[in-house]
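Q: Submitted below is the structure of interest, expressed as C-alpha coordinates.
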Amino acid sequence: MGLEYRLENGVLRVTLNAPSRGNSFSLKDAEALVAALDLADREPVKGLLLGSVGRLFCAGGDLDDYARMEAAERGRAVNGKIAAALARLASWPHPTAAVVSGDCFGGGVELVSAFDHVAAVPEAMFGLWQRRIGLTFGWGGGARLSARLGAGRLKALALSARSLSSYEALTLGLIDEIHLKAVIEARALEWLENAAGLPVAPVAGLKTFEANGERRLFDGLWWNDEHRAALKKRLSR
(Lines give C-alpha, C1' and ligand atoms only; values in the text may rest on other atoms or scores of the structure.)
Protein backbone atom coordinates (compact mmCIF):
# COMPACT_ATOMS: atom_id res chain seq x y z
CA MET A 1 0.00 0.00 0.00
CA GLY A 2 1.04 3.61 -0.37
CA LEU A 3 -0.39 6.97 -1.27
CA GLU A 4 -4.12 6.76 -2.02
CA TYR A 5 -6.45 9.42 -3.36
CA ARG A 6 -10.08 10.09 -4.17
CA LEU A 7 -12.34 13.02 -5.02
CA GLU A 8 -15.05 13.61 -2.44
CA ASN A 9 -17.48 16.53 -2.57
CA GLY A 10 -15.03 18.53 -4.62
CA VAL A 11 -12.08 17.89 -2.29
CA LEU A 12 -9.11 15.82 -3.43
CA ARG A 13 -8.43 13.60 -0.42
CA VAL A 14 -4.91 12.16 -0.35
CA THR A 15 -3.87 9.60 2.27
CA LEU A 16 -0.47 8.21 3.21
CA ASN A 17 -1.38 4.58 3.84
CA ALA A 18 1.77 2.54 4.39
CA PRO A 19 1.98 2.30 8.20
CA SER A 20 4.25 -0.75 8.04
CA ARG A 21 7.01 1.50 6.66
CA GLY A 22 6.09 4.56 8.69
CA ASN A 23 4.35 6.14 5.70
CA SER A 24 7.80 6.87 4.27
CA PHE A 25 7.52 8.78 0.99
CA SER A 26 8.82 6.95 -2.07
CA LEU A 27 8.97 7.47 -5.82
CA LYS A 28 5.77 5.44 -6.18
CA ASP A 29 4.05 7.79 -3.74
CA ALA A 30 5.28 10.80 -5.71
CA GLU A 31 3.96 9.25 -8.93
CA ALA A 32 0.61 8.61 -7.25
CA LEU A 33 0.55 12.24 -6.08
CA VAL A 34 1.11 13.42 -9.66
CA ALA A 35 -1.71 11.14 -10.82
CA ALA A 36 -3.97 12.62 -8.14
CA LEU A 37 -3.18 16.16 -9.28
CA ASP A 38 -3.77 15.13 -12.91
CA LEU A 39 -7.19 13.81 -11.93
CA ALA A 40 -8.06 16.97 -10.01
CA ASP A 41 -6.95 19.18 -12.90
CA ARG A 42 -9.66 17.55 -15.03
CA GLU A 43 -12.41 18.11 -12.47
CA PRO A 44 -13.89 21.09 -10.59
CA VAL A 45 -12.15 20.99 -7.20
CA LYS A 46 -12.08 23.08 -4.04
CA GLY A 47 -8.68 21.96 -2.83
CA LEU A 48 -6.57 19.10 -1.49
CA LEU A 49 -6.58 17.55 1.99
CA LEU A 50 -3.73 15.25 3.08
CA GLY A 51 -4.03 12.73 5.90
CA SER A 52 -2.37 9.52 7.02
CA VAL A 53 -3.00 6.09 8.53
CA GLY A 54 -1.08 4.80 11.55
CA ARG A 55 1.01 6.22 14.37
CA LEU A 56 3.53 8.00 12.13
CA PHE A 57 2.45 10.71 9.73
CA CYS A 58 5.60 10.38 7.62
CA ALA A 59 8.99 8.99 8.63
CA GLY A 60 10.71 10.69 5.68
CA GLY A 61 12.09 9.15 2.52
CA ASP A 62 11.97 5.39 2.03
CA LEU A 63 15.47 4.55 3.26
CA ASP A 64 15.06 0.84 2.50
CA ASP A 65 14.37 1.74 -1.12
CA TYR A 66 17.43 3.99 -1.25
CA ALA A 67 19.62 1.37 0.43
CA ARG A 68 18.86 -1.11 -2.37
CA MET A 69 20.11 1.30 -5.03
CA GLU A 70 23.50 0.39 -6.45
CA ALA A 71 24.46 3.71 -8.02
CA ALA A 72 24.30 7.34 -6.93
CA GLU A 73 22.71 8.34 -10.23
CA ARG A 74 19.60 6.28 -9.47
CA GLY A 75 19.09 8.04 -6.14
CA ARG A 76 19.60 11.45 -7.69
CA ALA A 77 17.04 10.67 -10.40
CA VAL A 78 14.48 9.48 -7.84
CA ASN A 79 14.96 12.53 -5.66
CA GLY A 80 14.59 14.78 -8.68
CA LYS A 81 11.24 13.21 -9.55
CA ILE A 82 10.00 13.50 -5.95
CA ALA A 83 11.14 17.13 -5.82
CA ALA A 84 9.27 17.87 -9.06
CA ALA A 85 6.07 16.31 -7.70
CA LEU A 86 6.25 18.38 -4.51
CA ALA A 87 7.05 21.54 -6.48
CA ARG A 88 3.93 20.97 -8.53
CA LEU A 89 1.91 20.49 -5.34
CA ALA A 90 3.36 23.64 -3.79
CA SER A 91 2.34 25.73 -6.82
CA TRP A 92 -0.99 23.95 -7.45
CA PRO A 93 -3.62 26.65 -8.08
CA HIS A 94 -6.01 25.54 -5.32
CA PRO A 95 -5.79 25.61 -1.51
CA THR A 96 -4.06 22.67 0.16
CA ALA A 97 -4.11 21.52 3.79
CA ALA A 98 -2.24 18.76 5.63
CA VAL A 99 -3.46 16.96 8.75
CA VAL A 100 -0.42 15.76 10.71
CA SER A 101 -1.85 13.17 13.07
CA GLY A 102 1.48 11.61 14.05
CA ASP A 103 5.23 12.13 14.05
CA CYS A 104 6.82 13.77 11.02
CA PHE A 105 10.54 13.54 10.30
CA GLY A 106 13.08 14.33 7.59
CA GLY A 107 11.48 14.21 4.16
CA GLY A 108 8.09 14.24 5.86
CA VAL A 109 8.75 17.83 6.91
CA GLU A 110 9.72 18.63 3.32
CA LEU A 111 6.41 17.10 2.22
CA VAL A 112 4.50 19.24 4.74
CA SER A 113 6.34 22.35 3.54
CA ALA A 114 4.57 22.02 0.19
CA PHE A 115 1.17 22.71 1.81
CA ASP A 116 -0.56 26.04 2.32
CA HIS A 117 -1.96 25.14 5.73
CA VAL A 118 -0.73 22.57 8.25
CA ALA A 119 -2.66 21.33 11.27
CA ALA A 120 -1.17 18.91 13.79
CA VAL A 121 -2.27 16.96 16.85
CA PRO A 122 -0.73 17.96 20.22
CA GLU A 123 1.35 14.78 20.49
CA ALA A 124 2.99 15.06 17.05
CA MET A 125 6.75 15.49 16.92
CA PHE A 126 8.68 17.12 14.06
CA GLY A 127 12.33 16.69 13.14
CA LEU A 128 14.60 18.10 10.45
CA TRP A 129 16.70 14.95 10.62
CA GLN A 130 18.43 15.11 7.24
CA ARG A 131 21.81 15.76 8.85
CA ARG A 132 21.51 12.59 10.91
CA ILE A 133 21.94 10.53 7.74
CA GLY A 134 24.58 12.77 6.20
CA LEU A 135 22.29 14.76 3.94
CA THR A 136 20.57 18.10 3.57
CA PHE A 137 17.25 18.99 1.94
CA GLY A 138 16.73 17.12 -1.33
CA TRP A 139 13.11 17.64 -2.30
CA GLY A 140 12.93 21.44 -2.49
CA GLY A 141 11.95 21.72 1.16
CA GLY A 142 14.89 23.93 2.07
CA ALA A 143 13.64 26.87 0.01
CA ARG A 144 10.04 26.37 1.11
CA LEU A 145 10.96 26.04 4.78
CA SER A 146 13.23 29.07 4.56
CA ALA A 147 10.30 31.12 3.27
CA ARG A 148 8.09 29.80 6.08
CA LEU A 149 10.55 29.95 8.99
CA GLY A 150 13.24 32.40 7.92
CA ALA A 151 16.74 31.40 6.81
CA GLY A 152 18.42 31.83 10.20
CA ARG A 153 15.88 29.78 12.10
CA LEU A 154 15.91 27.05 9.48
CA LYS A 155 19.71 26.82 9.59
CA ALA A 156 19.69 26.44 13.38
CA LEU A 157 17.09 23.68 13.26
CA ALA A 158 18.79 21.84 10.40
CA LEU A 159 22.21 21.96 12.03
CA SER A 160 20.95 20.71 15.38
CA ALA A 161 18.76 18.01 13.75
CA ARG A 162 16.68 18.00 16.93
CA SER A 163 13.03 17.14 17.39
CA LEU A 164 10.28 19.70 18.00
CA SER A 165 7.00 19.32 19.79
CA SER A 166 3.90 20.45 17.92
CA TYR A 167 3.70 23.45 20.25
CA GLU A 168 7.23 24.57 19.41
CA ALA A 169 6.53 23.92 15.74
CA LEU A 170 3.50 26.21 16.01
CA THR A 171 5.51 28.93 17.75
CA LEU A 172 8.24 28.77 15.09
CA GLY A 173 5.74 28.87 12.22
CA LEU A 174 6.33 25.35 10.92
CA ILE A 175 2.65 24.54 11.40
CA ASP A 176 -0.48 26.70 11.59
CA GLU A 177 -2.85 25.01 14.04
CA ILE A 178 -3.02 22.38 16.78
CA HIS A 179 -6.19 20.36 17.36
CA LEU A 180 -7.16 17.18 19.13
CA LYS A 181 -7.30 14.09 16.93
CA ALA A 182 -11.08 13.88 17.24
CA VAL A 183 -11.61 17.23 15.50
CA ILE A 184 -8.45 17.96 13.53
CA GLU A 185 -9.70 16.73 10.14
CA ALA A 186 -12.92 18.72 10.49
CA ARG A 187 -10.97 21.87 11.38
CA ALA A 188 -8.57 21.44 8.44
CA LEU A 189 -11.48 20.81 6.11
CA GLU A 190 -13.19 23.94 7.46
CA TRP A 191 -10.07 25.97 6.63
CA LEU A 192 -9.99 24.44 3.15
CA GLU A 193 -13.65 25.20 2.50
CA ASN A 194 -13.19 28.82 3.63
CA ALA A 195 -10.10 29.25 1.45
CA ALA A 196 -11.91 27.72 -1.51
CA GLY A 197 -14.74 30.22 -1.08
CA LEU A 198 -12.45 33.14 -2.00
CA PRO A 199 -11.55 34.11 -5.60
CA VAL A 200 -9.46 31.42 -7.29
CA ALA A 201 -7.54 33.46 -9.88
CA PRO A 202 -4.89 34.92 -7.49
CA VAL A 203 -4.02 31.57 -5.85
CA ALA A 204 -1.31 30.38 -8.23
CA GLY A 205 0.42 33.77 -8.27
CA LEU A 206 0.35 34.12 -4.49
CA LYS A 207 1.91 30.68 -4.09
CA THR A 208 4.79 31.51 -6.42
CA PHE A 209 5.13 35.11 -5.30
CA GLU A 210 8.37 36.92 -6.11
CA ALA A 211 8.92 40.56 -5.25
CA ASN A 212 10.24 41.37 -8.73
CA GLY A 213 7.13 39.95 -10.34
CA GLU A 214 4.61 41.63 -8.05
CA ARG A 215 3.44 44.27 -10.52
CA ARG A 216 3.32 41.83 -13.42
CA LEU A 217 1.18 39.46 -11.36
CA PHE A 218 -1.12 42.27 -10.26
CA ASP A 219 -1.57 43.61 -13.80
CA GLY A 220 -2.35 40.13 -15.06
CA LEU A 221 -5.10 39.70 -12.50
CA TRP A 222 -6.55 43.20 -12.79
CA TRP A 223 -10.04 43.21 -14.25
CA ASN A 224 -10.43 39.42 -14.29
CA ASP A 225 -13.95 38.08 -13.81
CA GLU A 226 -13.67 37.59 -10.06
CA HIS A 227 -12.16 41.02 -9.53
CA ARG A 228 -14.88 42.70 -11.60
CA ALA A 229 -17.56 40.79 -9.69
CA ALA A 230 -16.11 42.03 -6.39
CA LEU A 231 -16.16 45.63 -7.67
CA LYS A 232 -19.75 45.32 -8.88
CA LYS A 233 -20.78 43.87 -5.53
CA ARG A 234 -19.30 46.89 -3.79
CA LEU A 235 -21.22 49.29 -6.04
CA SER A 236 -24.47 47.49 -5.34
CA ARG A 237 -24.21 47.94 -1.56
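Q: May I ask you to list the residues in the stretch 121-167 that are closer than 17 Å to F57 by Cβ, of a type in the set (G, A, S) and under 18 Å from the mean Cα position of the chain (by Cα)?
A: Answer for the stretch 121-167, where residues must be closer than 17 Å to F57 by Cβ, of a type in the set (G, A, S) and under 18 Å from the mean Cα position of the chain (by Cα): A124, G127, G141, S166.
Q: Still on this structure, please answer the following. Within the group R76, R42, which residue is within 29 Å of L206 (Cβ to Cβ) and assigned by TED's automatic domain parsing to the domain that holds L189?
A: R42
Q: From A18, A98, which residue is under 30 Å from A201 (Cβ atoms), at pLDDT 95 or above and surrounded by 15 or more Cβ atoms within 10 Å (Cβ to Cβ)?
A: Testing whether each residue is under 30 Å from A201 (Cβ atoms), at pLDDT 95 or above and surrounded by 15 or more Cβ atoms within 10 Å (Cβ to Cβ) leaves just A98.
Q: Say whether the condition of being closer than 26 Å to V183 by Cα, free of Cβ contacts under 8 Å to residues at least 60 places away in the same chain and buried (at least 21 other Cβ atoms within 10 Å of the Cβ) is met by at least one residue in the stretch 59-80.
A: Checking the stretch 59-80: at least one residue is closer than 26 Å to V183 by Cα, free of Cβ contacts under 8 Å to residues at least 60 places away in the same chain and buried (at least 21 other Cβ atoms within 10 Å of the Cβ).
Q: Of the residues that make up the stretch 122-136, is at least one touching a residue at least 60 places away in the same chain (Cβ under 8 Å), surrounded by 21 or more Cβ atoms within 10 Å (Cβ to Cβ) and on the phi > 0 side of the Ramachandran plot?
A: No, the conditions are met nowhere in the stretch 122-136.
Q: Between L174, L170, which is out of contact with any Gly (no Cβ under 9 Å at 6 or more places or on another chain), under 30 Å from L63 (Cα atoms) and assigned to a loop (DSSP other than H, G, I, E, B)?
A: L174
Q: If you don't mind, there's one more thing I want to ask. Within the group R234, R215, which residue is assigned to a helix (DSSP H, G or I), at pLDDT below 90 and over 23 Å from R144 (Cα atoms)?
A: R234
Q: Residue pairs, Cβ under 7 Å, 6 or more apart or interchain, first in the stretch 193-215 and closer than 14 Å to A97 by Cβ and not assigned by TED's automatic domain parsing to the domain that holds R148, second of a type in the set (A, V, I, L, M) and at pLDDT 70 or above. List them.
A: K207/A90
Q: What about A147, is it closer than 21 Å to K207 by Cα and modelled with pLDDT under 95?
A: Yes; evaluated as a whole, the condition is true for this residue.
Q: Test F115 against the criterion of being in a strand (DSSP E or B) and crowded, with 19+ Cβ neighbours inside 10 Å, and give yes or no.
A: Considered against the rule, which asks whether it is in a strand (DSSP E or B) and crowded, with 19+ Cβ neighbours inside 10 Å, F115 comes out as no.
The values are calculated or read from the model by the stated rules, or taken from the named source; none is laboratory data. Because the structure is predicted, anything quoted here is derived from the model rather than measured. For neighbour counting, all protein chains shown are included, and Cβ atoms are generated from backbone atoms with ideal geometry for every residue, glycine included.
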